[in-house]
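A short worksheet on the structure shown next.
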């Protein structure tokens, strides 16, 4: 049996345990009394607040019951916010208005477990940090300075420093901007990064050592090279001592690349080795950095159903945990450094997807991997669905994204990106990027839905019914993959890919057949001409500028780069930690030079049909 | 008396589909490939992240009616133009290019792209059936000899003519009296899923490394769908080393022929041999069973190939099953692929014992083609080179530059 089978069994065992405890609460008076006392204490810890119209409200809503079975069901089955099994939320009092600590993985990691007061202690290491904004706006276009300008534009509306970077195609595939045939792709759909100098330009003017700074990078196959460039650029600006203070996330999820997103350079085993090298280096050296973001987003965008998205994402996460453990890493050291990223579309299952995932991750990590509390918490980033947005009558996309945001927040996501309505045509233009950001502010700050009371919805009968079905669906997929030999064996048999493709094909067929209404596309079509929106495109002049900068960099380092590449090759061939060496290599070598060097050592990925 | 021969149906339309370089969005193209095949087209799918040069090379070698590109992350204006320009410059401007990109390609882009040589853009919301009908109607054409075609396109067109059943009289066009290389033809057969395509690709990389000037040809046979007559010919997707001008790769659909090869395969082999271009030719059969003989190695007639490589995976089902496989008697070379599989240990012993019964000194080659730089594949290639007396002395490790972009 692979770990997946054990995880599925552990969830069943946990559910049986909960049922037994509920029964015990109803029959054993002593246990019932304990639960009632605990419940009273929890209720007493809840502060009151009031809405702007004067309605008094508790800051945290709990099921209204005194029945010991129901109390046990809630506390053990769902979990008090910030308590195992974390279905309700990873932390207490997320999103609440002012003066209260909001969800912050690194600050709360030390305080959440022990939090008895409703106002969780602010971590002493970050005295200035109080409110953690969930909003992350993904941006990347043109050259580094263009993205830098967009960051500054978006930043005007945020209290804390939040930089989320999209990269262009050549960078995502580890190619230099002067690689034959890629010029037209330079700076398209994301920022072009070839060298450490580009990385320096990208974050110019931002103090990345601020305790409220958080940088995220949507980067996978070349993630180790790009993160090494980020570290090198930060060291140049803030001194070598800055590294432990760098906060943020790099995606680096190679399993989902092979299964869905297709940005793969090296063979699977080498890809996983480079990733594990990076994680192992980051855990001690960058304690505030998330070196992997285990992502369902691209799995869902490529066609997966919500249940498949959750099942493949969680199983990928458990696979990384298994690989790291097999390399001798401590689950309690790396566990809290794993983070997750889910898509949120309009299908009903999205109402509970984050909740179910947190619960399954916590049970699996605790009961199969022996993880402690901090390593049980699934920290979630959500992005609204790009696939749900369409070009026809595109302003409807604002409503779609708004609804998806609402559902993401109902799942108490730790951070969130909202898509721009113009994304079906272009990298977001300023106007729609700003509307997307304001959508989040309207829901969280303008509306009263989330800011007065936490857990307005959790425990509702409809949600509970959905949670049970979604959980069952996920466990069924786990068991199917278990019979195939686990995640990697299933992947080699194309299991995930064919399931995703099949689901994507069904989705398209439903649209064409009109069974899945898409307003403006196959229902209530008003035949408006497609809008002419100003497109964010990179001009050929800029693309050539990027190439000339790259050539100048290569020229400048022409003497030093061969030695640096030779050192890297030696480390790669001898089985050493490649990331430890990359931190040096990027000083004098470009992304493409490094990719070519590593390809010579480990070979190329062979795509699966 | 009823007519013995019903009218020959028109040869299926051949289309090359691909996703441009640095773009991994393949869900739209996957859906469209399935629809195209369902509508009776032969779809040669090249995969995602494909350079313009690779697309043009494949379009030429496959002699397709049309190229369809699915682009989702920008840069389409430059990229589509590059593909159209390269086709034109190489004398293959008769192959039209169309494409789509959901909402990423705008109406304004379409106008520019049409001026720059793109035939048509499909926008989001186009009904698939309408798209299919239009493609079938607009891109049908007869496979006639064309004296203007040069190089690989001339070879490719000769094979297309052979495929359409018009005989091999076009052969003279590709016969080059100047070039008369000795050519070694290896037939590769084995059950579906044994890893034949991957193994051939790894052998191709060994050839390219060991012979820095020679050329190799690959004929990949895949079954047609019995109902629609269409096919998805996807061998190019995982053939990462075939993306080289020294490799001629042609996908053949069987079009109802049940021998394990296209009915045109013998003619295609002759065409490739006559061209004098190639040192080595691999002919890959469809997945074959126990009594197939795709290369006609049993019996008295002329064999289609100079040597046969039989490939199987460790999960063949037991000793009795092994006994039944006729090609194990006739094959010159036998490879047990997927040797990283737990059953490989037993399989090696059982298959070697089975080969020993033949008293032909057949040696089993254990390989793990999916593993890069597998020494088992090295040994197999050395055996092939020895058998075919290939000149492999000129090369070296650096001869095949590892193209970073596939």
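Which whole-number percent gives the relative contact order of chain B, counting Cα pairs below 8 Å spaced six or more residues apart? Kindly include the intermediate steps, with their values, before the conclusion.
Working: 794 pairs, mean separation 67.9, N = 406.
Here the relative contact order equals 17 percent.
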Give me the one-decimal nm value for the distance between modelled label points at residue B:181 and residue B:303, 7 Å along each residue's Cα-to-Cβ direction. 2.2 nm
Most mobile of B:113, B:132, B:343 in a GNM of chain B (Cα contacts under 10 Å): B:343
To the nearest Å, what is the center-to-center distance of segment A:281-337 and segment B:312-330, using C-alpha atoms only? 42 Å
Restricting to the protein assembly as shown, compute how many DSSP beta bridges are antiparallel as a %, nearest 5. 5 percent
For segment B:226-269: rounded, prolate or oblate by the Cα gyration tensor [a/c cutoff 1.5]: oblate
Degrees between helix A:495-512 axis and first principal axis of chain A (Cα, 0 to 90, nearest 10): 80 degrees
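Take every residue in peptide B:369-376, count the Cβ atoms of other chains within 10 Å of its Cβ, and give the average of those counts. It would help to have the intermediate numbers written out before the result.
Values: counts 1, 5, 3, 11, 3, 0, 0, 0.
If you average over the peptide's residues, the count of other-chain Cβ atoms is 3.
Given the DSSP H assignment, sum -39500 (n - 2.57) over each helix run of at least 4 residues in chain B and divide by its residue total; what's the result at 222 nm in deg cm²/dmol, nearest 500?
Values: 14 runs with 139 residues, N = 406.
Helix-only estimate at 222 nm: -10000 deg cm²/dmol.
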With a Förster radius of 51 Å, plug the Cβ-Cβ distance of residue B:329 and residue B:133 into 1/(1 + (r/R0)^6) and report the FRET value to the nearest 0.05. 0.55
What relative contact order, as a whole-number percentage, does segment A:321-397 give when Cα pairs under 8 Å and 6 or more residues apart are counted? 39 percent
Rounded to whole angstrom, the alpha-carbon centroid of segment A:409-434 lies from that of segment A:129-196 at a distance of 15 Å
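Evaluate peptide B:99-108: per residue, the Cβ atoms of other protein chains within 10 Å of its Cβ; return the mean as an integer.
On the way: counts 0, 0, 2, 6, 11, 9, 2, 9, 4, 3.
Rounded to a whole number, the mean comes out at 5.
Hey, can you rank A:419-428, B:13-22, A:151-160 by average C-beta count inside 10 Å, highest first?
Values: A:419-428: 24.9, B:13-22: 27.5, A:151-160: 15.9.
Ranking, from highest mean packing down: B:13-22, A:419-428, A:151-160.
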Taking neighbour Cβ counts within 10 Å as the exposure measure, how do A:524, B:72, A:412 sort from fewest upward? A:524, B:72, A:412
Expressed as a whole number of Å, what is the distance separating the alpha-carbon centroids of segment A:533-609 and segment A:472-504? 34 Å
Specify whether the C-alpha gyration tensor of segment B:14-138 places it in the rounded, prolate or oblate class, a ≥ b ≥ c being the square roots of the eigenvalues: rounded for a/c under 1.5, otherwise prolate if a/b is larger than b/c and oblate if not. rounded
Relative contact order for chain A: what percent, with Cα pairs under 8 Å and sequence separation of 6 or more? 18 percent
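Tell me, what is a quarter of the convex hull surface for the C-alpha atoms of the protein assembly as shown, in nm² with one decimal? Display every interim value, and only then the final one.
Working: hull surface 180.4 nm².
Mean projected area of the Cα convex hull: 45.1 nm².
How well do other chains shield peptide A:183-195, expressed as the mean number of their Cβ atoms within 10 Å of each residue Cβ?
Values: counts 4, 13, 11, 3, 2, 9, 7, 2, 0, 0, 0, 0, 0.
Across A:183-195, the average partner-chain Cβ count within 10 Å equals 4.
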If you take every DSSP beta bridge whose two residues both sit in chain A, what share of them, in percent to the nearest 5, is antiparallel? 10 percent
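Would you please put A:381-390, A:266-275 in order of how densely packed they are, using the mean number of other Cβ atoms within 10 angstrom per residue and starting with the highest?
Details: A:381-390: 23.2, A:266-275: 20.7.
Going from most to least packed, we get A:381-390, A:266-275.
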Angle check, please: helix A:223-238 long axis (alpha carbons) against the longest principal axis of chain A (alpha carbons), in degrees 0 to 90, nearest 10. 80 degrees
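Quick check: from the Cα gyration tensor, does segment A:502-609 come out rounded (a/c under 1.5), prolate or oblate?
Verdict is oblate for segment A:502-609.
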Helix A:430-441: inclination vs chain A longest Cα principal axis, degrees, rounded to 10, gives 20 degrees
The Cα extents of segment A:3-108 along the principal axes, largest first and rounded to whole Å, are 46, 38, 21
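Mean shadow of chain A, computed from the convex hull of its alpha carbons, in nm²? Can you show the working numbers first?
Details: hull surface 110.4 nm².
Mean projected area for chain A: 27.6 nm², to one decimal.
Using the C-alpha atoms of chain B, what convex hull volume per residue, in cubic angstrom, is computed? Intermediate values should be presented prior to the final figure.
Numbers: hull volume 66.2 nm³, N = 406.
Considering the Cα atoms of chain B, their hull volume per residue is 163 Å³.
Any read-out appearing in this document is the output of simple, stated calculations on the displayed coordinates, not a laboratory observation. Worth saying up front: this structure is predicted, and the values here are computed from it rather than measured. Don't worry about glycine lacking a Cβ; one is built from the backbone with ideal geometry, like all the others, and counts go over all protein chains shown.
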